[in-house]
Each structure stands twice: as structure tokens, then as C-alpha cells.
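Here's the structure we're looking at; comments come further down.
The values are calculated or read from the model by the stated rules, or taken from the named source; none is laboratory data. None of these values were measured; they are calculated from a predicted model. Cβ placement follows ideal geometry from the backbone for every residue including glycine, while neighbour counts extend to all protein chains displayed.
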Amino acid sequence: MTLILDGKAHAERMLAEVAAGVADRIARGHRPPCLAVVLVGEDPASHVYVRGKVADCARTGIRSVEHRLPAETPQADLEALVRTLNTDPAVDGILVQLPLPAGLDAKRVLHLLDPAKDVDGFHPVNQGLLLEGLPGLRPCTPSACMSLLKAHGIDPKGTRAVVLGRSEIVGKPMALMLLEAHATVTIAHSRTRDLPGLCREADILVAAVGRPGMVEGSWVKPGAVVIDVGINRVEDVALGERIFAADPARLATLKAKGGVLCGDVRYAEAALVAGAITPVPGGVGLLTRAGLMANTLQACR
Ligand code: GUN
């Protein structure tokens with residue numbers, strides 16, 4: 001039987017833990033933690049993500065303050081806002097929603113953040129602490145994936161792990177965390193030769209490339225743990241016919257609704273082979289938000 005790694009249930013557990021931590025602080029006479037969320041422009045997906053993050057703040061008792069700026073905001077104005085939030089003692093965490101509109105330099109903004117308020121864990125100081133295996137604010141998605149593995153008694157020690165994708169947000173920090181947990185880690189990417197063969201060696205396979213259905217069932221080693229970080233919307237029926245060949249219900253939904261969410265892994269195919277797997281939706285997506293709440297509480301402490 002394949003174990004379904006239920007991200008929703010685990011996110012609920014993580015959020016309940018954060019809520020208890022916040023309540024405890026308040027009971028001891030402290031103010032609640034405060035997260036400043038900076039959202040620039042009108043990217044619809046970013047608005048959806050920010051709404052979710054603000055809702056999770058409300059659920060856990062964290063105060064959130066939204067700063068919405070127009071897409072034409074000059075770099076200097078955005079940087080001035082970050083400097084103000086850095087020095088504001090009422091703000092514990094700062095989240096700058098990515099991607100920023102064209103013309104704005106995200107790296108420069110992220111490097112400007114006070115590392116102690118960098119709840120995304122994207123600042124070079126926090127990246128460096130992770131590299132050294134020291135405590136710091138760590139990127140939410142890979143931290144939450146590690147927490148999901150732990151909650152299911154899956155120990156990476158001694159395993160072969162393959163991480164597909166080399167982003168600063170997921171791929172690289174995920175590889176470091178698996179390495180810290182004593183896995184033997186390979187980072188694969190678009191230039192890797194024989195991706196299917198490499199993936200078939202993985203006891204733990206993490207897909208974080210943003211390409212719907214890229215990982216086929218035949219790429220998965222029998223019994224492997226598959227973590228699918230991808231959240232992609234598929235609207236192309238021809239593509240859907242290929243990636244949902246083993247999932248007629250999903251294909252029917254795509255045809256009926258004109259679009260459907262799909263991970264980087266062909267879930268229906270992979271679930272037949274894997275020992276454990278995260279679904280999309282209902283897998284890693286909700287965990288990222290829960291990780292952010294945990295980081296905000298940590299930054300406040
Ligand atoms: N956009 C997509 N994912 C993320 C994330 O984890 N953090 C931020 N700030 N923006 C994102």
C-alpha cells in the first residue's frame with residue numbers, strides 16, 4: 001500500500017503548534033508576533049498566495065500588516081519600505097512576495113532585509129547559516145518537507161536522495177537539509193543527463209522544477225518516497241492527454257473546467273510504484289504557509 005503523505009493534515013498540526021506558541025506568549029504578557037507582507041503589483045497568483053498567508057496569520061493569532069504597492073513602484077521606494085520595516089520594533093517578520101514585477105531587482109531587496117526578520121530564509125546570512133548547519137531562519141518549503149518526512153517516521157539517513165531543481169527557494173536548501181539529515185544527495189536539473197535513470201536510483205525523490213507531469217511513473221524506484229513540490233496549472237488538453245494518461249478523472253476535469261492543478265510528478269502513475277507520495281493539491285503547498293507561520297513565531301522569539 002502506498003502511503004499518502006497528507007500535507008493538509010500535517011499543515012493543520014503545524015498551525016496548531018504555532019497557535020499554541022502564540023497563545024503561550026500572550027499568556028505570558030507579550031504582544032502577538034507580527035508579520036509584514038509586501039505585495040507589489042497585480043500578479044493574480046501572488047494575490048492568492050498572500051491571501052492564504054494572511055488567513056493563516058489570523059488562524060494562529062499572528063498579527064499581519066499588508067503593504068500593497070503598485071507595479072510601477074520604483075526600486076528606491078520598495079527599498080525604503082523594507083528599511084522602515086527592518087527598524088520597526090513592532091514588526092517581527094517581513095515577507096516580500098515573489099516574483100516582483102519586471103524592472104524591480106528582487107535580489108537587492110532580499111539582501112536588504114534584516115536577516116533576523118527574513119521569515120522566507122532567503123537572505124545570504126540565513127543561507128550561510130543553513131550551509132554551516134547552524135540555526136537560523138530556513139526556507140519554508142524545504143523545512144516543511146523535512147517536517148512532513150519526520151512526522152511519518154521517514155528518516156533520510158543513509159538513503160539516496162535526488163532533488164530535481166536547483167532554485168534558491170527549494171532545490172538548493174532542500175538538498176542541504178537532506179544532507180544534514182545524512183542522506184546522499186544529488187541535485188539534478190535541466191542539463192542533467194539521463195534524468196529517468198538518475199531518478200530511479202532515488203530512495204527519496206523531490207521534484208521542484210515547475211514542469212507539470214515531468215516525472216513519469218517509470219522514473220520512480222519501487223517503494224521510494226516522492227515529494228512533489230510543483231504546483232502547475234494545466235490548461236492544454238493535448239498536454240493533459242499525455243500526463244494524465246493514467247488519470248482519466250483528472251483529464252475529464254481538465255476538459256470540463258478548462259484547467260486543472262498538477263504537480264511535477266504524474267501522481268496516478270507514480271503512486272502505483274512509490275512507497276509514499278505527496279498529492280497535488282493537498283501536499284506540499286499548504287505546508288509552505290504553515291512553515292512561514294512557524295518562522296514568524298521563531299523570528300518573534
Ligand atoms: N512566491 C512563490 N513562493 C514564494 C515564497 O515561498 N516566498 C515568497 N516571498 N514569495 C514566493
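Would you check if there is a residue in the stretch 92-103 being closer than 16 Å to residue 172 by Cβ and within 12 Å of the ligand (Cβ to nearest atom)? Looking for residues that are closer than 16 Å to residue 172 by Cβ and within 12 Å of the ligand (Cβ to nearest atom), one finds at least one in the stretch 92-103, hence yes. Residues considered: 172, 221. Of these, the only one that is within 21 Å of the chain's Cα centre (by Cα) and at pLDDT 95 or above is 172.
Is the stretch 49-68 home to any residue that is at pLDDT 95 or above, farther than 29 Å from residue 146 by Cα and in contact with a His (Cβ under 8 Å, 6 or more places away or on another chain)? For the stretch 49-68, residues at pLDDT 95 or above, farther than 29 Å from residue 146 by Cα and in contact with a His (Cβ under 8 Å, 6 or more places away or on another chain): absent.
Taking every residue in the stretch 42-60 that is under 14 Å from residue 297 (Cα atoms) and in contact (Cβ under 8 Å) with a residue 60 or more places away in the chain and pairing it with any residue that is away from the ligand (no atom under 11 Å from the Cβ) and among the basic types (Lys, Arg), at least 6 positions away or on another chain, the pairs with Cβ-Cβ distances below 9 Å are 57/63.
What residue, of 78, 137, 95, is under 30 Å from residue 13 (Cβ atoms) and outside any loop (DSSP other than H, G, I, E, B)? Write out each step before concluding.
Values: 78 fails: under 30 Å from residue 13 (Cβ atoms); 137 fails: outside any loop (DSSP other than H, G, I, E, B).
Exactly one residue qualifies, and that residue is 95.
Any residue in the stretch 255-272 that is over 12 Å from residue 245 (Cα atoms) sitting within a Cβ distance under 7 Å of a residue that is hydroxyl-bearing (Ser, Thr, Tyr)? List the pairs, counting only those 6 or more apart or interchain. Filtered contacts from the stretch 255-272: 260/253; 271/2. Candidates are the residues of the stretch 111-161 that are under 14 Å from residue 298 (Cβ atoms) and touching a Ser or Thr at 6+ places or on another chain (Cβ under 7 Å); the one that is nearest to the ligand (Cβ to nearest atom) is 140.
Quick one: which of 19, 11, 36, 45 is surrounded by fewer than 20 Cβ atoms within 10 Å (Cβ to Cβ), at pLDDT 95 or above and either among the small types (Gly, Ala, Ser) or more than 16 Å from the ligand (Cβ to nearest atom) (or both)?
When all the criteria are applied, what remains is 19.
Output the qualifying pairs, or none if there are none: Cβ atoms under 6 angstrom, residues six or more apart or on different chains, first residue in the stretch 167-193 and touching a residue at least 40 places away in the same chain (Cβ under 8 Å), second residue surrounded by fewer than 16 Cβ atoms within 10 Å (Cβ to Cβ). Once the first residue is touching a residue at least 40 places away in the same chain (Cβ under 8 Å) and sits in the stretch 167-193, its partners that are surrounded by fewer than 16 Cβ atoms within 10 Å (Cβ to Cβ) give 180/133. Every listed requirement among (1) within 16 Å of the ligand (Cβ to nearest atom); (2) touching a residue at least 40 places away in the same chain (Cβ under 8 Å); (3) among the aliphatic types (A, V, I, L, M) is met by residue 164 save one, (1).
Residues in the stretch 48-80 that are among the small types (Gly, Ala, Ser), more than 14 Å from the ligand (Cβ to nearest atom) and crowded, with 18+ Cβ neighbours inside 10 Å: 61 only. The set of residues from the stretch 155-174 being surrounded by fewer than 19 Cβ atoms within 10 Å (Cβ to Cβ), in a loop (DSSP other than H, G, I, E, B) and of a type outside the set (Ser, Thr, Tyr) comprises 155, 157, 158, 166, 168. Consider the stretch 119-133 and keep the residues that are assigned to a loop (DSSP other than H, G, I, E, B) and of a type in the set (A, V, I, L, M, F, W, C). The one that is farthest from residue 108 (Cα to Cα) is 119.
Counting the residues of the stretch 36-57 that are of a type outside the set (Gly, Ala, Ser), under 16 Å from residue 119 (Cβ atoms) and either touching a Cys at 6+ places or on another chain (Cβ under 9 Å) or in a helix (DSSP H, G or I) (or both) gives 7.
Among 182, 189, which is the only one that is at positive phi and modelled with pLDDT of 95 or more?
Values: 189 fails: at positive phi.
When all the criteria are applied, what remains is 182.
Under the condition of being crowded, with 20+ Cβ neighbours inside 10 Å and away from the ligand (no atom under 16 Å from the Cβ), which residue from the stretch 280-301 is nearest to residue 232 (Cα to Cα)? Checked the stretch 280-301; the qualifying residue nearest to residue 232 (Cα to Cα) is 297.
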